Every structure is written in structure tokens, then in C-alpha cells.
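Reviewing the structure listed below.
The values are calculated or read from the model by the stated rules, or taken from the named source; none is laboratory data. Every value quoted in this text rests on a predicted model; they were computed, and no experiment measured them. Here the Cβ is made from the backbone with ideal geometry for all residues, glycine too, and neighbour counts use every protein chain on show. For accessibility, only protein heavy atoms count, side chains too; no ligands or nucleic acids. Shrake-Rupley method; radii C 1.70, N 1.55, O 1.52, S 1.80 Å.
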Amino acid sequence: MLKIRFVAPSDAKGALAALAFEDSDLSPAAKALDEACGNALTRAMEGGRFTGKAGQSMELLAPTGLSASRILLLGGGKAKELKRDGLERAAAGAVKSVLLTGEKELTLRLEGLQIDADDAAFAGLAATMAAYRFDAYRTKLKAERKPSLETLYIALDDPDAAEKVWDKIKHVAKGVRLARDLVNEPANIIYPESFAERVKGLEDHGLTVEILGEKEMEKLGMNALLCVGRGSRRESKLAVMRWDGGKDGEKPICFVGKGVCFDTGGISLKPGAGMEDMKGDMGGAAAVTGAMRAIAGRKAKVNAVGVIGLVENMPDGDATRPGDIVVSANGQTIEVLNTDAEGRLVLSDALWYAQKNFDPKFVIDLATLTGAMIIALGNEQAGVFTNSDGLWDQLKSASEAGSEAVWRMPLGAAYDKLIDSDNADMKNIGGRGAGSITAAQFLKRFIDEGRDWAHIDIAGVGMKSSRDDPREPVWGTGWGVRLLDRLAAACED
Ligand code: BES
Ligand code: MN
Ligand code: ZN
């Protein structure tokens, strides 16, 4: 992982980066650099189209008067509107643009901008996200195509305060990286058992981990989850992670994740084109795992539980058939009309397990649940379905703090009716319309009366980002780690 260090401006090393603003002027650091190199920055700006708009950047190589090999001027947008998200984007953009240049060190000079320690630490987080690569299987990658940047120094007036926050936030960076790796790994490497093993490995960070296999789940009657994995040679698993950093006896907050390690659709087989993307159908489980890693790593003063349902959805002689009726762990009957609507089956029993065993303050599930979510919101925002205005407010704040955008979607009796079945309590698909909402209504039928719950459909944001965001990698985004981590942070004592 890219090393992040917070330093005083006088300790800047390597290539240098500073902000310029659209409405005002160069930042104090950029001004100092401009003066040191005989106003070469100002001249370059005048000769080009760099105006300081957010997202812009301009590079000056081998500036006379300075020992640095390059200066990077970053657009900060309007000075007064510079918020955490903008700062993160600037840091991420700086890293992206020097990552492969041969530079080993870069200093982002932010002194004189009154940036608080939290925002500075989050800029560090964004920088590590921008440096992320999934190169594990590229054996023929040429040396000059490999990242050269090893350390980002962030220069501040009070570096010690930021370093202290970073000591916590670096664990969020590691959580995001873990989630991305889990999503990017192919399904022959990450399957229910190997995923569960990686979760077990998190005990090193102080999490308590329990893994249930098919026998244990059969005893509990978790047939909705189990029916999805019937066609697979891989054994289905339920992984339960606990972090007890809060007060004794205080109800935990709870995260549940869809972990379909590969989704062929089952007997309702998906078309071949693009099916490889379904190795990422465990993005919800990956986000929950990454968030629990972050929460444990920074020793959050909160009780938190993560429950992930791990299965592989395959067609086979023993697979669940369309029309089969299964009984969920809480005794509801489900007519499986489409075996490709499997995520809700996995989540229903996982949600039951979480509520029954932990009686959580609230439960939030994350899932790459429906293609319809991508139709509705594209790759920009995740859809949130919740029975609680209070929980929505909490999610909205966490979304801002963690720079992961969410949009509230509706629930209602009229949508719920669409999943009534003639042959059982419910069917696992609605009609043609409102596909993401009927999926959410299905989940809601497994939420205890009075329990605060939110479902976040991350089908559009979990993978294959088309977003113009320097923090995002090519594929697995690790979406949800920052949101859940900030939500947990807001729940700390
Ligand atoms: N995993 C898919 C949803 C998905 C699609 C996620 C594309 C990410 C990208 C889910 O299991 C699924 O197949 N949903 C079906 C539901 C339908 C059969 C009611 C869908 O969205 O088509
Ligand atoms: Mn499916
Ligand atoms: Zn799926």
C-alpha cells in the first residue's frame, strides 16, 4: 500500500503538488513554489487552459530554482467550497498522475489552507485508493508499467494532529483494499470456503469470527440460503464477525452482506455475454468484511457485528428449480420462480440469523442485488431502502463523511403486494417494473417488527465503475467500506 506521512512544509520530499483555486488565487504553498521558480507556474497557467477548476491539473517539469523534479498544480475549485470530497479528489488525482512516472516520492503541500486533521487524514485515504492496483496475476507487466510511487507526504501546519488521525484511518484504507481484492479475485480463488478463511484471518485484528457450514445451517433451517448453493460443488458458508469495542451489554450495530461468489443465475441461467462480472456478486459481503476490518483496526468504541452469506449459484442436476418452494429459517414459504433472483434468498436467512442472535440496534444489508438498480441510478449512487427516517439521516451523514453517495428509494404496500404468490407466502420475483423495490420488499418481510433496517443495493457502484473519480480503480470499488465505517464512527460512545 502507498505509504502516507504527514510532515511540516520544510520536510517536503520528491515531486511537489499544490492547489490552485478558480475564484481566488494560488494556495499559499503554490504561491511559494511559484515565487521560487521565477513565476514559471503563473506563466504556464497564462499560456494554457488551467484555471483551477476541480479535477484539472498542470505539470511543470524540472523547474528552475527548485530541486524538485516536477511541480503538479491541482485544481481545487472554488476556495470557499473546498470540502472533504474535493480535497480527497485532489489528493487522489495527484497520486494518479505521478503513479507511473518513475517518481518515488510526492509531497502534497496543503499548508496555509486551514485543513483540519480529519480531512487531511481522509485525503491520505483517498490517495491510497488512487494507488490501488490489482496486478497479482499480471506476470508480464513491464517494469515501466508498474507503479513507482512509494510514499505520499502531506505537508500541513500541524502534521502531528493529522498523523494521529491517520493512525486510525489507515485501517479504513486497509479495509477498502481488502474489499477490492475480494471483489477482483476470480471465483476460482474466492469461493465460499476461501472467502470464509480470509474472514477467519481477521481474528488477528481482534475480531471474533465464527463460520457455519451447511450442516449447521441445515439444523437451523436456513433453506432459503442453502437452496441457492445446492447446484454448486462448493459448500455454502455463513461467516459471522464480531467486534466488541463498545460498552458491555450494549446492543450492537449490524451489517449483513450478500456473498454470491459467482452468480450464473442457476437453472434460470444468465446469458453468456458479461457473465464474468458475476464474480463480483459478493461485493456486499466484501464491503461488510472490509468495514469490520476497519472498525476493528481502529479499535472503534462500538459493538458491531458483520454477517455474510457465502454461496455459489450454479446450474446442476441437484440445483433448485424454478417453481420449487422452500421454507426459510423463520418459517416463511418462498416460491422460487427465478433462480437468478438468489441474492434475496441468501439475505433473508442471513438477516434472520443476525436479528435472532444479536438483537441489533439496527441492521443494514449491502448487496449487488438487482440489475434494475443500475438502470435507475447508474454507477453514481447506491439506492437505500429503509423503514426508518432516523437511520436514513444517519446514513446520509455517513455518506457525506465517507464520500460515498446514496439516494433514498421508496418502499410501500403496493410494491409489497407484487411479491405475493398463489402457491406460497411469497415469490422471489415481482413483475417487470420496480425490480429493485420488489427485491427490497422481499427483504423487508424478514425484518422483525419495530427493527430499524436499511437495504443498500450496490449493483451499480460495487464494480466496473464508469465514474469519473480518481479514487476509483478499474473494477472492484470496495464501495460501502467508508460508508459503514463512518456510520460506525458516528455510533461510537
Ligand atoms: N447479481 C444479480 C444482480 C446484478 C446484475 C448485479 C448486474 C450487478 C450487475 C442478481 O442476482 C440478479 O440476477 N438479479 C436479477 C433479478 C431478476 C431475476 C428478478 C436481475 O437483476 O436481473
Ligand atoms: Mn442472480
Ligand atoms: Zn446475484
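Key figures for this structure:
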quantity	calculated
K417 paired with D359, simple spin-label distance in nm, labels 7 Å along Cα-to-beta-carbon	3.7
Apportionment of accessible area to carbon and sulfur, the chain, percent (1.4 Å)	48
Rounded to whole Hz, the Karplus (6.51, -1.76, 1.60) HN-Hα couplings of the stretch 190-207, x for glycine and proline	9, 10, x, 5, 6, 4, 4, 5, 5, 5, 4, x, 6, 4, 4, 9, x, 7
Nitroxide proxy distance, nm - points 7 Å out along Cα→Cβ at R43 and K215	7.8
Efficiency of FRET between D248 and W407 - r from beta-carbon atoms, R0 35 angstrom, step 0.05	0.40
Label zone at T208, where the point sits 7 Å out along the Cα-to-Cβ direction: the stretch 343-378 residues whose backbone N lies under 17 Å	354-361
I189/A490 FRET efficiency (R0 30 Å; Cβ-Cβ; nearest 0.05)	0.30
5 angstrom amide H check on F255, placed H, neighbours 5+ away	V305, G306, V307, I364
Dmax and Rg, reported as Rg then Dmax, of the stretch 355-486 (C-alpha, Å)	15.2, 50
Relative contact order (percent, whole number), the chain, Cα cutoff 8 Å, 6+ residue spacing	15
Within the stretch 185-490, percent of DSSP bridges classed antiparallel, to nearest 5	45
Solvent-accessible surface (1.4 angstrom probe) belonging to T107, in square angstrom, nearest 10	0
Computed E for L100/E197 - FRET, C-beta separation, R0 45 angstrom, nearest 0.05	0.85
Distant alpha-carbon pairs in the chain (separation over 39 angstrom), percent	27
Percent antiparallel among DSSP beta bridges (both partners in the stretch 168-314, rounded to 5)	55
Loop sites in the stretch 137-195: trypsin sites (Lys or Arg not before Pro), DSSP, at most 12 other Cβ within 10 Å	R138, K140, K142
Options G221, G402, F385, ranked by Cα towards positive dipole end of the chain, top entry (Cβ charges)	G402
Helix-only mean residue ellipticity at 222 nm for the chain, each DSSP H run of n ≥ 4 adding -39500 (n - 2.57), per residue, nearest 500	-10500 deg cm²/dmol
Length released on extending from R233 to N338, taking residue separation times 0.36 nm less the Cα-Cα span	35.7 nm
Pair T139, E276: separation of 7 Å Cα→Cβ label points (nm)	1.8
Label point at K53 placed 7 Å out along Cα→Cβ; residues across the stretch 72-95 whose backbone nitrogen lies under 14 Å	75-78
Solvent-accessible area per residue for the chain (1.4 angstrom probe, square angstrom)	40
